[in-house]
Amino acid sequence: MTIIGAQYYRPPNPPREDWDRDLGRMRAAGLDTVKFWACWSWMNPAPGGFDFADLDELMDLAARHDLGVVVNTILENAPYWLEHRLPQARYLDHEDRPVRLVAAMNTPGGGWPGLCFDNEEVWAAAEDFLRALADRYRGHPALRVWDVWNEPHLEPASYHPGRVYCYCPASLDRFHKWLRDRYATLGELNTAWSRRYSSWDEVAPPRQFESVPDMIDWREHWFANLAGWLDRRCAIVRGADPGTPVMTHVALSGFTGQLATHTLDEFDLTGPVDLFGTSSFPTWLMGDDPVEHLFNLDAARGAAGGKPFWQAELQGGRGRRDGYRGTAHPRADTVALWMWNAVASGASGVVFWQWRPELLGPESPGYGLCAPDGELTDRVRAVSDFAAVVADWGEVVPEPGRTGLLVSRRSALHAFATDRGMDLYRDAVMGAYRLLADADEPVEVLHDLRLEAEGVPEHIEAILWPMPATASTGLAAALDAFVRRGGILVSEAAPGEYAPGGARRPRVPGAGLDTLFGVRQIDADLAADDLSVHLEDGTILPACWQRDLLRLEGAEAVAYFTDGSPAVTRNRTGDGQAIVVGTYPSLAYAGHGAPSLRSALSSLLGMLQRRRTLTWHTPGPGLYSRPVTVGGRRAVIAINWTEKDQEAGCAHDTINVPARSGRLHLL
């Protein structure tokens, strides 16, 4: 069963007199799930005083209309009385500027961004609210899921991306404790950071960029800290209601640019939950790019690690009012295509943001499937049609992809600390993913820390490793084992150039990867405009951003730069092969999307030799297929984002996929 639903209530929206009518219309339209926000500041307006009157009525109305409810617990709008009591718990940025509670885009009822949970007094008050909430609705016939954290990240960063958080006294104390656990002695810390502290009292987090090892540690601490905050929320809600599943959902993939600024790594946020989710606003935030939408879905599935995942928020209407940057309503067939993307990627639920536009706050009147007065639109009809299509499918399970895209938190953090941002790394990741998506290759997003801990999954046959700047010896060992068992590893320039602490290694490839790749970098420079890569079949590819001067130490050259030096090398190790491309084809593809580059990388990854479930007669960008199991039967979902009807071969059949549509084909 695929969940189809929509967000509805976020105080003070929508008007109470419309609740019964609107929920009835949702159910009649084929939706089976509704989400209500349980806002701390709104429902706990005075110490010890809880007001659940709105939620009481809404829960009962949902039950009457046979709608399951996701209760989204929102602690990112703290009560004003708590701020008055604990001013020291306000978030502080790197210049010690406090963030006072206000009404903001995601909290028109006030209280944003909440208070820093490194303060135990904040936890005590939050726990009282969560327990009262879970105790009240435990066993309610409409309750389906507790969503315990809406889009977890360091909340103030969403409005202040140029600032780093949090430097409140409690956060500084917690960082000190984390450092003492990480480094047994002050001497070890001094070695790691290249400092000469004489006392632990002198140690402090960085307050400006280009202080590399301590900035990396400061962000790593916050990844662990936020994961601990999620653990605690889950434990509180489960303690009060052990029979209802708990979930969280991220705003998007951290690897699309917010990993370091927002401290958002979705792969850290799935351990304690029963199901996971991601938000997607493809027109408002993704430039109407179906590939970026697919990446966020594939990253969420990878982070979920086998647990169910949802498209937990999906844009329903025009973007927020934002001056000239506002975006129009998506077409009805676009909304349907987003739903096809989600289900093909393995999402077992699609929940729209939102049913109708809000009437107060910066988001009004954006995002609604309906008109502002609650009247139905062609977008609602598209959702109804899709809900009818999937109603009888049963569980949809994607087959594991055979090609992995290796993303690296360590490389992203290094870019953030040295470049003051991770734009370059983000573009490499997205360029590599786009190349694979345009080749219609189902992708598994692999995380460097998971591979280091667990090894490469057995079903992966090939790995593309974009901008492999930072690598540990543990990751190198996992990749070596993968290649030896028969895998194909294709790395871009300078794998393992930096150690996890940020220091540049004198020998590259680093971390022992020189033996795996059978090559050594003599030097590196920016790629000249007239430099290109010449393949054996005569194909000429662009060099981009960097070029490596390589010396063969066991590998063979399979392509050369214009000046005759090796550009692509292959080393056969065990039953597999390790390939280095001495430049950045991911960045080249992000900029130009050349078919020749897509074909060359597909060949290096062995994709052209594999038998495909579905083959488009005229392949190219905008055509995506995913082999799946539906209700226990093998099938393929084919999605056509182009403006032309397309044909594809599948087993012994030829199937037609009309322009801007998707279809399920049973095998």
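Values in this text are rule-based calculations from the coordinates and carry no lab data. Everything numeric in this text was worked out from a predicted model, so none of it was measured. Here the Cβ positions follow ideal geometry from the backbone for every residue, glycine too, while neighbour counts run over all protein chains shown.
For ASP563 and GLU375 in the same chain, what is the full-extension length gain: residue separation times 0.36 nm, less their Cα-Cα distance, in nm? Present the calculation step by step, with values, prior to reporting the outcome.
Details: separation 188, 0.36 × 188 = 67.68 nm, distance 6.55 nm.
Gain on extension, ASP563 to GLU375, equals 61.1 nm.
Using a 10 Å cut-off around each Cβ, can you sort TYR560, TYR433, TYR91 from fewest to most neighbouring Cβ atoms?
Ordered from fewest to most neighbouring Cβ atoms within 10 Å, TYR560, TYR433, TYR91 come out as TYR560, TYR91, TYR433.
How much length, in nm to one decimal, is gained on full extension between ARG331 and HIS176, taken as 0.36 nm per residue of separation minus their Cα-Cα distance?
Stretched fully, the ARG331-HIS176 segment lengthens by 50.6 nm.
How large is the charge dipole for segment 614-666, taken about the Cα centre, if only the Cβ atoms of Lys, Arg (+1) and Asp, Glu (-1) carry charge, to the nearest 20 debye?
220 debye
Once fully extended, how much extra length lies between ARG21 and ALA651, figured as 0.36 nm per residue of separation less the alpha-carbon to alpha-carbon distance?
On the way: separation 630, 0.36 × 630 = 226.80 nm, distance 4.78 nm.
Full extension from ARG21 to ALA651 adds 222.0 nm.
Compare the Cα positions of LEU587, GLY662, PHE561 along the charge dipole of segment 518-667 (+1 at Cβ of Lys, Arg; -1 at Cβ of Asp, Glu; about the Cα centre) and return the one farthest towards the positive end.
GLY662
Under 5 Å between amide H atoms, partner at least 5 residues away or on a different chain: which partners does GLU553 have, H built in plane at 1.01 Å?
Correct list: VAL519, ARG520.
Name the long-range amide H neighbours of GLY317: under 5 Å, sequence gap of 5 or more, or other chain; modelled H, no Pro or chain starts.
It is GLN354, TYR367, GLY368, by chain and number.
Among the aspartates and glutamates, which fall within straight-line cross-link reach of LYS35, defined as a Cα-Cα distance under 12 Å, with same-chain neighbours fewer than 8 residues apart omitted?
ASP147, GLU313
Given charges of +1 on the Cβ of Lys and Arg and -1 on the Cβ of Asp and Glu, with all other atoms neutral, how large is the dipole of the chain about its Cα centre, in debye to the nearest 20?
Dipole magnitude for the chain comes out near 420 debye.
Please report the relative contact order for segment 403-609, taking Cα pairs under 8 Å with a sequence separation of at least 6, and give it as a percent rounded to a whole number.
About 22 percent, as a whole number.
Give me the distance between the Cα centres of segment 272-348 and segment 434-468, rounded to whole Å.
21 Å
Taking the Cα-to-Cβ direction at ASP392 and at ASP530 and moving 7 Å from each Cα, how far apart do the two end points lie in nm?
Using points 7 Å along Cα→Cβ, the separation is 6.7 nm.
When only C-alpha pairs under 8 Å and at least 6 residues apart count, what is the relative contact order of segment 114-225, in percent? Write down the numbers at each step before the final one.
Numbers: 45 pairs, mean separation 21.7, N = 112.
Relative contact order here is 19 percent.
What ranking of ILE655, ILE540, ILE236 emerges when the number of other C-beta atoms within 10 Å of each C-beta is taken as an exposure proxy, fewest first?
Taking fewest neighbouring Cβ atoms as first place, the list is ILE540, ILE655, ILE236.
Could you check the simple spin-label distance between GLU458 and TRP81, using points 7 Å along Cα→Cβ, in nm with one decimal?
5.8 nm
5 Å is the cut-off here: which amide hydrogens, built 1.01 Å from N in the peptide plane, fall below it relative to CYS168, excluding neighbours closer than 5 in sequence?
The list, which skips near neighbours in sequence, is LEU92.
How high is the relative contact order of the chain, given as a whole-number percent (alpha carbon pairs under 8 Å, six or more residues apart)?
So the answer I get is 11 percent.
Could you line up LEU526, LEU314 from fewest to most neighbouring Cβ atoms inside 10 Å? Write down the numbers at each step before the final one.
On the way: LEU526 11, LEU314 29.
Lowest count first: LEU526, LEU314.
Dipole size in debye (nearest 20) for segment 403-609 around its Cα centre, Lys and Arg Cβ +1, Asp and Glu Cβ -1?
Dipole size: approximately 500 debye.
Between LYS307 and ARG207, how many nm apart are label points set 7 Å from Cα along the C-beta direction?
3.8 nm
Any idea how far the Cα center of segment 578-644 sits from the one of segment 48-90, in Å?
Centre-to-centre (Cα) distance: 45 Å.
Can you list which of the DSSP-assigned H helices in the chain have a Cα extent of 27 Å or more along the long axis and an average Kyte-Doolittle score of at least -0.5?
In the chain, the long hydrophobic H runs are 212-240.
Report, in deg cm²/dmol and to the nearest 500, the calculated mean residue ellipticity at 222 nm for the chain, where each DSSP H run with n ≥ 4 adds -39500 (n - 2.57) and the sum is divided by the residue count.
So the helix-based figure for the chain works out to -10000 deg cm²/dmol.
Given a Förster distance of 51 angstrom, what is the FRET efficiency for ILE522 paired with MET105, based on the Cβ-Cβ distance and rounded to 0.05? Could the numbers behind the result be given before it?
Numbers: r = 51 Å, r/R0 = 1.01.
About 0.50, to the nearest 0.05.
Provide the per-residue ³J(HN,Hα) series for segment 80-85, in order, calculated from phi with Karplus coefficients 6.51, -1.76, 1.60 and θ = phi - 60°, each as a whole number of Hz, with x at glycine and proline positions.
With coefficients 6.51, -1.76 and 1.60, one gets 5, 5, 6, 4, 5, 6 Hz.
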